[in-house]
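The values are calculated or read from the model by the stated rules, or taken from the named source; none is laboratory data. Quantities reported herein were computed from a predicted structural model and do not represent experimental measurements. Backbone-built Cβ (ideal geometry, glycine too); neighbour counts: all protein chains shown.
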Amino acid sequence: MLKLINYFFLAYILVKPGLGFLFYSIDGAGRISILLGILILLLNINNIEFRKVLKSTPVLIWGLWGIYTAVNWLFHRVESVQVPWIFIGNQIFLVWIAMVVVTYECRRNYQTTLKFILSCFVIYVIFGLLFQRDTIYPSGRGGAALGNVLPLTSLSMVATAVFMYVKKWLTLKNLVIIIILSLAAILFVATRKALGGLLILLFFLLITKYPLNNVKNFLSLIFGLLVFYVGLSFMLDNTILGERMHGIDESANQFNTSNLRILNFLGDRAYFYIKGWEIFKEHPLTGIGINNFMYIDKLKLPFHTEYMAQLAENGIIGTILYVLFYFNIFRQIIKTRKYHIIGNEYWPYLGWMFAVLFISLTAWVYSFVHYYIVFGLVIGGIQKSLIDYEKNSTYNQWNRRRW
């Protein structure tokens, strides 16, 4: 019964926000989601395995990040802008508890959890494509109702599908369908960072299936890259996404007011790096409080980069916790691979991590549930592999003693 309640919670926080934007908005402030999250925590807290998840390093680090970020935001809070418990609940608590629940359910049954999460992602993306055809940005880009959240969520969908595929729990045909679905969302909304993230995920998938240790695989990869190059060239010449990519230099000339030419490849996002660094130099230790940049800057926009959101709004303290979270996940992936505890998941796990780091260059990540659900799949997948490995080791030791 508790498993069904946990799954309902995950489905609600994944699918409901998108449906609310597309149809009739229920619980627009997110109160029900927050209360559900608290209920889930209380219902599961007495379970030993759930408490093990809470004490596991990545989850614990992000929990500490959340506590620090909440206290820091309260200290720097802009009065009358956000109701404190709603802001903290939606922006900080929900993403953490979602990651915890997914990790816990993965420890119990990794395959079932992957299937369920993938189903939620597919529903979200299909509804997003079907029911926002008439919501157009002034620039001609589609998907104004959900914005960049649609294509970026589709990346989480692809990552989940890839995890299943390398475990042989998803067919190649279904994986291709999901990739095409994601590409449709990316082209519809014309999101450059989502395309880059998708390419990173696919590159690491290719390494998994075609290790470059023989001539046949190498030639196959070269042929695949040529086909991809032709397709990409066509897309850049014939889509709004291509127009946006061609306009990066023009945007950089307007927004990059520094002498650092390396920022030009970020286009208009260069502005956030320049302003973020200025703020960090003035408030190095604790920053100005998460999400507060949009209330003090003339553009009235949040930091469109995770790195400056952490550095300028959370200061050195928050940034250290942020770096430790990612470092620990990388460390677990590499360490478990070294000791042959995980197999084909190794490259897709790394691909997801690098895709998120790439997206973080031009988008903020910390407040979006879908990223942390996939983090939960990675952490939970590793923990499940460790549990199975220890069981097998114990069995083998017992078997050797017996004989």
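Quick check: anything in region 28-35 at pLDDT below 95, out of contact with any Gly (no Cβ under 9 Å at 6 or more places or on another chain) and not in a helix (DSSP H, G or I)?
Scanning region 28-35 turns up at least one residue that is at pLDDT below 95, out of contact with any Gly (no Cβ under 9 Å at 6 or more places or on another chain) and not in a helix (DSSP H, G or I).
Which count do you get for residues in region 324-356 that are assigned to a helix (DSSP H, G or I), of a type in the set (A, V, I, L, M) and over 24 Å from F93 (Cβ atoms)?
Final tally of qualifying residues: 4.
Does region 303-310 contain at least one residue that is of a type outside the set (A, V, I, L, M, F, W, C), modelled with pLDDT of 65 or more and in a loop (DSSP other than H, G, I, E, B)?
yes
May I ask you to verify whether L202 is modelled with pLDDT under 95 and outside any helix (DSSP H, G or I)?
Taking the combined requirement at face value, the residue does not satisfy it.
Only residues in region 115-131 that are over 16 Å from Y165 (Cβ atoms) count as the first member; pair them with residues that are among the aromatic types (F, W, Y) and surrounded by fewer than 20 Cβ atoms within 10 Å (Cβ to Cβ), Cβ under 8 angstrom, at least 6 apart or cross-chain, and list the lot.
F116/Y7; F131/F23
Going through region 73-102 one residue at a time, which ones are over 22 Å from the mean Cα position of the chain (by Cα) and crowded, with 22+ Cβ neighbours inside 10 Å?
W73, the sole residue that qualifies.
Taking R337 as meeting all but one of (1) over 13 Å from the mean Cα position of the chain (by Cα); (2) within 16 Å of S56 (Cβ to Cβ); (3) surrounded by fewer than 20 Cβ atoms within 10 Å (Cβ to Cβ), write down the number of the exception.
(2)
I'm checking my understanding of the structure. Among residues of region 283-309 that are over 14 Å from H76 (Cβ atoms) and hydrophobic (A, V, I, L, M, F, W, C), which one is surrounded by the most Cβ atoms within 10 Å (Cβ to Cβ)?
Among residues in region 283-309 that are over 14 Å from H76 (Cβ atoms) and hydrophobic (A, V, I, L, M, F, W, C), the one surrounded by the most Cβ atoms within 10 Å (Cβ to Cβ) is F303.
So, P138, is that one touching a helix residue (DSSP H, G or I) at 6+ places or on another chain (Cβ under 8 Å) and at pLDDT below 95 or not?
So P138 does not fit the description; no.
Conditions tested, residue by residue: (1) in contact with a strand residue (DSSP E or B) (Cβ under 6 Å, 6 or more places away or on another chain); (2) buried (at least 21 other Cβ atoms within 10 Å of the Cβ); (3) without any contact (Cβ under 8 Å) to a residue 12 or more places away in the chain; (4) not polar (S, T, N, Q).
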residue: K281; (1), (2), (3), (4): no, no, yes, yes
residue: L311; (1), (2), (3), (4): no, yes, no, yes
residue: F330; (1), (2), (3), (4): no, no, no, yes
residue: A355; (1), (2), (3), (4): no, yes, no, yes
residue: N392; (1), (2), (3), (4): no, no, yes, no
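Which members of region 366-381 meet the condition of being under 8 Å from the mean Cα position of the chain (by Cα) and part of a helix (DSSP H, G or I)?
V369, H370, Y371, Y372, I373, V374, F375
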